[in-house]
Amino acid sequence: MSNREKAGLWPVMLTPFTKDGEVDFASLERLIDWYERSGVDGLFADCQSSEIFFLSLQERIRIAQFVKSHAHVPVIASGHVSNAYSDQLEELKAIAATGVDALILITNRLVHPGRQQESIMPRVRAVMEAVPDIPLGFYECPYPFKRLITLDELKECADSGRFAFMKDTCCDLALIEKRIEVLKGSPLRLYNANTTTCLDSILLGAAGFSGVMLNFHPALYRMMVDSIGENPERAAQIQHFLTLFSEIERQYYPVNAKFHLTEIEGIFSSDYARVIPAEGLTETFKTEVRHMDQAVRYLMDRI
């Protein structure tokens, strides 16, 4: 099996908006092309980076349909954001009907707010029954609160054969190792969202990476992943730089990524966001993004 098959890259897609705040589908098409030219293996639409909690259901449906119809790689999508579980089921059915390759369940939507210790399995089983003909997955979305899946819950889902994708946000290599052990022999694959533990998790058996930094320099992650087998020392060197670069996600995300895709990559027409005001990206923040981009280009030219 090739390194690329072993370690896939699945960016959590941004939603481009016009300056008037409408979904910009022309920019979205350019974004899909940019991801694919950078060597990604699949696309995760309608996720937190897409600002799903600030999109209408019709917008979420249109985005999933658009990405699926324009992409040349597999497309997965989430998009259930309501508090009422009955409303979530309708959202999930609508997203599944768009033709995406897998339907991703947000773990914090599967428990009552304030009762995070309750099992997610009653609602998971209900989804499996209500939406029977599509592979499923999990996303441990940190908003509005993070609900990590337990090992027992993970094992039941893995054993069911219905689950294919897990976006892991635990940021804990020891727990990731336990999860990978639970998943052995099942079709459920773990994709780490944390850059710092990215390489180590792949070496332990993780299927790849699905983090926000793929919205800045996916080609550098591709270079690291493809170096694992043929040049492990180079892969380790790239990991050191990726960890430093990933500090930018704590700055002013997703506006800083949208600024990168607007000014530096020329893909977006605007850095408008619904989740936070674009004006909050200061000139100093913008300079930090520019400096990071120059450092990435310098590194790639010399590796």
Requested in this report: Give me Rg over Rh for the range 143-226, both radii from the alpha carbons and Rh done the Kirkwood way, two decimal places.
Outcome: 0.97
Requested in this report: Report, in deg cm²/dmol and to the nearest 500, the calculated mean residue ellipticity at 222 nm for the chain, where each DSSP H run with n ≥ 4 adds -39500 (n - 2.57) and the sum is divided by the residue count.
Outcome: -13500 deg cm²/dmol
Report task. Give me Rg over Rh for the chain, both radii from the alpha carbons and Rh done the Kirkwood way, two decimal places. Result -> 0.95
Query raised in the report: Within a Cβ distance under 12 Å of residue 106, other residues only, what is the Lys/Arg minus Asp/Glu net charge?
Result: +2
Query raised in the report: Taking 0.36 nm per residue of separation and subtracting the Cα-Cα distance, what length does fully extending residue 130 through residue 172 add?
Result: 11.8 nm
Query - Taking the chain and dividing mean pair separation by its residue count, relative contact order in percent (alpha carbons under 8 Å, at least six apart) - result: 20
Query raised in the report: Expressed in nm to one decimal, what extension gain is obtained for the pair residue 159 and residue 301 from 0.36 nm per residue of sequence separation less their Cα-Cα distance?
Result: 46.6 nm
Query raised in the report: So between residue 53 and residue 291, what do we pick up on full extension, going 0.36 nm a residue minus the alpha carbon distance?
Result: 82.6 nm
Query raised in the report: Modelled label-to-label distance, residue 151 and residue 265, 7 Å Cα→beta-carbon offset: nm?
Result: 3.8
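All of the numbers you see were taken from the coordinates with simple rules; none came from a lab. Treat the numbers as computed from the prediction; the structure is a model and nothing was measured. A quick note on method: Cβ atoms are made from the backbone with ideal geometry, for glycine too, and the neighbour counts reach across all protein chains shown.
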